[in-house]
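Some notes on the structure that comes next.
Nothing in this text is a laboratory measurement; each read-out follows from the coordinates by a stated rule. Keep in mind the model is a prediction, meaning the values are calculated, not measured. Here the Cβ positions follow ideal geometry from the backbone for every residue, glycine too, while neighbour counts run over all protein chains shown.
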């Protein structure tokens with residue numbers, strides 16, 4: 001598995017984006033940030049998170065706000 005395919009927890013994704021975990025979960029629930037729910041926890045592929053930062057998320061209507 002390459003670094004780009006690394007699976008991240010919501011906390012790790014939040015750290016990478018420098019936002020709160022609450023923001024990451026809201027983006028995931030809204031479908032703006034690709035992720036999968038595994039049991040009760042969310043998991044994110046690192047490359048998907050980086051694509052979101054690069055602007056792919058805004059094309060799907062996602063907005064990045066840290067409330």
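So, in the stretch 1-19, of the ones that are surrounded by fewer than 16 Cβ atoms within 10 Å (Cβ to Cβ) and touching a helix residue (DSSP H, G or I) at 6+ places or on another chain (Cβ under 6 Å), which residue ends up nearest to residue 55 (Cα to Cα)? Checked the stretch 1-19; the qualifying residue nearest to residue 55 (Cα to Cα) is 4.
Can you list residue pairs whose Cβ atoms sit under 8 Å apart, with the first residue in the stretch 32-53 being touching a residue at least 40 places away in the same chain (Cβ under 8 Å) and at negative phi and the second being assigned to a helix (DSSP H, G or I) and surrounded by 13 or more Cβ atoms within 10 Å (Cβ to Cβ)? Count only pairs 6 or more apart in sequence or on different chains. As it stands, the answer is 46/16; 49/13; 49/16; 49/17; 50/16, since those pairs meet every condition given.
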